[in-house]
1. What percent of all Cα-Cα pairs in chain B falls into each 10 Å bin, going from 0 up to the bin containing the maximum distance?
2. At 7 Å along the Cα-to-beta-carbon direction for both residue A:58 and residue A:136, put a label point, then send me their distance in nm to one decimal.
3. For the range C:14-58, what ratio Rg/Rh do Cα atoms give with a Kirkwood hydrodynamic radius?
4. Could you give the radius of gyration (one decimal) and Dmax (whole number) of the Cα atoms in the range A:115-247, in Å?
5. With the Cα gyration tensor of the range B:246-395 in hand, convert its eigenvalues to equivalent ellipsoid semi-axes via √(5λ) and list them largest first in whole Å.
6. Among A:254, A:76, A:163, which one shows the highest mean-square fluctuation when chain A is modelled as a Gaussian network with alpha-carbon springs under 10 Å?
7. Counting alpha carbon pairs within less than 8 Å and at least 6 residues apart, what relative contact order, in whole percent, applies to the range C:46-115?
8. Could you tell me, in Å, what Rg and Dmax come out for the Cα atoms of the range B:301-369?
C-alpha cells in the first residue's frame with residue numbers, strides 16, 4: 001500500500017532507521033570482506049591485507065576445475081528448474097482449480113522438502129539411490145543431483161504460480177471459452193501470458209536455490225562436482241582459498257541482475273519472497289479455507 | 001554399473017571375502033596381473049592431504065604432472081581426513097568410484113577383510129625390493145604372504161607447538177592432557193576415534209598399573225581410563241581437527257598453541273614463516289605407515305599400478321618427504337634426502353632407521369582379539385567409535 | 001466476393017484438420033471428465049513427490065530399524081529397536097539433541113529481534129524507492145554462496161581476523177571467539193536473517209494505516225500500539241519466518257564444523273553416514289529433527305489457525 005508519509009512518531013522513525021542501518025551493516029560487512037579478500041595477494045587469511053592484487057583472478061580464470069564445476073552447476077540448475085517449472089505449475093493448477101480430498105495434504109507434501117532439515121532429505125535420497133544402485137544399477141550422477149534439487153524446487157515455482165493464479169480472475173477463462181477457444185487455445189493465449197512472469201520469477205528462485213545448494217548435494221552427487229561442492233572441497237586447501245574468494249565475489253556481483261529481475265517480477269505480490277519464503281506462503285495456504293471460485 | 005575393462009586384475013574380491021575375518025587363506029591367488037597394460041587415461045585416488053601434489057600448493061612441488069605426462073593417466077584426487085572416511089569412500093558405488101587409496105594401518109585391514117582392495121603383484125613395482133625390511137610385509141598390509149598394497153610414507157603424530165608461547169620446548173605430552181596445563185583452551189587434538197590410542201599412550205607411561213601394552217588393544221577397563229582422560233582433556237581443546245586447515249588456521253592466528261599434528265602441518269606452517277616446531281615427546285607417539293592400495297573393482301587398474309610404481313621411486317619418495325615431512329619407505333630415497341637436506345634426514349626424519357619405526361605406535365584397527373595372552377577380551381573399533389562419541393558430545 | 005447461397009444451402013466452415021479434431025476430442029474429454037484433468041495435472045507431481053520423496057523418507061525410516069554389522073560394515077536387515085534403544089540409553093545423544101534445539105531457538109529469537117526493525121522500516125516508514133532498495137539488499141545475501149559466507153565469518157572471528165584487529169585499534173583488547181558457541185550463534189543468525197525478515201516484512205506491510213490511526217485515536221502511544229496492535233497482527237508472519245531459522249539451524253552440519261567446536265545433530269548424522277557408514281544409526285538419529293520439526297510445524301499451524309479466528 002502506498003503512503004505519502006509514515007504515521008509513526010519521529011523518534012520511532014529515526015530509531016528504526018538507525019537499527020536498520022546497523023542490521024544492513026551486519027549483513028554486508030562479511031560480503032564486502034569476501035570481495036576484498038578476492039584481491040588479497042597473500043594466501044594467508046590474516047587481516048589486514050598486505051596489499052591488493054588481481055593475481056587470483058588470473059588464477060581462477062585459468063582454473064579448469066572451476067569451469068567444469070560451474071558448468072555442472074549450470075546444468076543441474078537448468079535441469080532442476082525445468083522439472084520444477086513443469087511439476088510446480090501443474091500442481092498449482094490442480095490445487096487452484098479443484099477441490100478434492102487431500103488437497104491440504106498435497107500442498108503439505110510439497111512443502112516438506114524445504115521444511116525438513118536438508119540433512120534428512122539428503123540422507124533419505126542417498127539411501128534410495130544406494131538401494132537403486134543395488135537393485136537397478138542406478139548410480140550417482142548429474143541426474144541424481146537434478147532429482148534431489150527438483151524435489152525442493154517444486155514448491156518454489158508452485159507458490160509463485162498459485163499466488164498469481166489467485167489474482168487472475170476466473171472470468172477470463174470463461175470469456176475465452178465463450179469466444180470459442182478450446183482448452184489448449186485458452187491456455188496458450190489467456191492463461192500462459194498471465195502466469196508468465198510468475199513462472200520466470202519462480203524459475204529464477206528455483207535456479208538460485210539449486211545453484212548454491214550443498215547440504216543435500218553432498219549426499220546425491222557422488223563424484224560429480226558442482227560449484228558449491230568445489231568450494232567445499234577447496235576451502236580446506238590454503239592455496240585454493242583465494243580462488244574460492246574470487247569465485248564467490250564474481251558470483252555475488254553477477255547475481256545482482258537476476259535478483260533485480262526477480263524482485264521486479266514479484267513486486268505486486270508483496271515483493272520477493274525467497275525460495276524458502278515460498279514455504280511460508282505454502283503453509284499459510286495449507287491452513288487456509290478453500291478460496292471461493 | 002560399469003564393468004571394469006581390464007581383465008588383468010582378478011576378481012580377487014571373492015577370494016578375499018572367503019579369507020575375511022579369519023585370515024585363513026583358501027584358494028591360491030588366481031589372476032594376479034603379470035604385467036601392467038596400457039593406461040586407461042584416468043585415475044581416481046583417495047589420499048591424505050599433501051600426498052598427491054600437482055603444483056597447486058606450491059608450483060615447485062609437483063609429482064603429479066610428470067606422472068600424467070609420462071603415463072597419460074589424468075589424476076582426480078579426493079582428500080580425506082580420517083581413515084573412516086577413506087574406508088567409506090572406497091566402498092562407494094560398489095567399489096568402482098575410486099581406484100586407489102593411501103590407506104593407513106587402521107584402514108588397511110578393514111579394507112582387506114571386506115574385500116574392498118585387491119592383492120597386488122609386488123614384482124610389477126621394481127622399487128619394492130628397496131623398501132625398508134620392516135615395511136615389506138607388515139601385518140597391516142600383508143596377510144599370509146599376500147601383499148595388498150605398496151608402502152608409501154610413514155611418520156609419527158608429533159607434538160607441534162608455538163615456539164613463542166610454549167617455552168621451553170616441551171618434552172612430554174603433559175600440557176595437552178592435564179588440567180594444570182597453562183594452555184587451556186588452546187590445545188589441538190585429532191578428531192577421530194583412533195585418537196583414543198593417544199590417550200592410552202599417555203596412560204601407558206603415566207599410569208602403568210593399568211597394564212597397557214598395545215595402545216590399540218585395550219580391555220574395557222583400560223578403555224574406560226582412556227575415555228576418562230579424554231573427557232578430562234576436552235575443556236582444554238580449542239577444536240578437534242580433521243581437515244589440516246582446522247589446525248593450521250588456528251595455529252596461524254594464535255588460537256591454538258600446542259597439540260598433536262601430522263608433519264604436514266608443521267611443514268606448512270614453517271613455509272608460512274610461522275613460529276612452530278615439533279617434537280616426539282618422551283612417552284612416544286602414535287603414527288601411521290601408509291600403503292597405496294588398489295580397489296578390487298578399480299576402473300583404471302593399469303593407471304593405478306603405474307601410480308604405485310611411480311610413487312615408490314626414490315625421486316618421488318624424496319620429493320614427498322621434503323614437502324610433507326613424512327619418512328620414505330624406500331631406503332634408496334634416504335640417500336637423496338641426505339643429499340638435499342643434510343643431517344636433518346637422520347635427525348628429524350630418521351630415514352631408514354628401523355628402530356625409530358618400531359617405536360612408533362602405528363595406527364591399526366583395534367580388534368577384539370588382543371593378539372596376546374589376554375585372548376579375545378579387547379574392545380574393537382565399533383566400541384571405540386561409540387565411546388568416542390561420548391567424548392565429542394561432552395564439549 | 002461474397003458467395004451466393006442458393007435457397008436452403010448453408011455456409012459451411014471448412015472441415016477441421018486432424019490435429020484440430022484431436023485437440024477438440026481431448027479438450028472435450030478433459031472438460032467433461034474433471035477427474036481426468038485433475039489426474040493429468042496432479043499425477044506427475046504426486047508421483048514424483050510420493051515415490052521419490054516420501055518413498056525415500058519411508059526407506060530411511062525403515063533403515064533405522066536395521067543394524068550395521070560391526071565387522072564387515074554391511075547393513076544387516078534384522079528388524080530391531082537397537083538403534084533407538086542406544087539413542088535413549090547413551091546420554092550424549094540427548095545432550096547433543098538438546099544442545100541443537102537450544103541453539104536453534106537462540107538463533108530464531110535473535111533473528112526475530114533483528115528482523116523486526118528492518119522489516120518495519122521497509123514496510124511502513126521507508127519511501128517506495130528506499131523500500132525496493134531495502135528488499136533488494138535483504139535478498140542479495142541469499143544469492144551469494146552459503147559456504148563462503150560461513151568462511152568469511154571464520155576469518156573475521158579468528159585470532160588474527162578483522163574483529164580482533166578492530167578491537168585492537170580501538171584499544172579494547174581482544175576476544176577469543178574463534179571456534180566457539182558464540183561464533184556459531186553469530187554465524188547462524190547472520191545466515192538466516194533474510195529468510196526471517198522477508199515474511200515479517202510481508203506481514204507488517206499488510207497492516208492498514210487505519211488500524212494504527214485508530215489505536216492512536218484511542219489514546220495509545222506508539223509503543224503500546226506496536227505491542228498490542230501491530231505485533232499480534234504480524235505474529236503469524238513472524239512465526240512463519242521463524243520456521244526457516246529453526247529448521248535450517250536444526251539440521252546444519254557444515255557451519256558447526258567450520259566455525260564451531262562442538263557437535264550437533266547434523267554432525268552426528270553426517271559422520272555416521274559419510275565416515276562410519278552406519279546408515280541405520282544415522283537414520284534413527286535423523287528421526288529426532290523430523291519429530292522436532294513436526295512438532296514445530298504443528299504449533300505453527302495451530303497458532304495461525306487461532307489467528308484466523
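1. Histogram of Cα-Cα distances, whole percents per bin: 5, 23, 33, 26, 12, 2, 0.
2. For the pair residue A:58/residue A:136, the computed spacing is 5.0 nm.
3. Here the Rg-to-Rh quotient is 1.30.
4. 20.6, 68
5. 29, 25, 18
6. A:254
7. Once normalised by length, the contact order is 16 percent.
8. 14.3, 45
Rule-based calculations on the coordinates, nothing more; no lab input. Since this is a predicted model, take the numbers as computed values, not measurements. We place every Cβ from the backbone using ideal geometry, glycine too, and count neighbours over all the protein chains shown.
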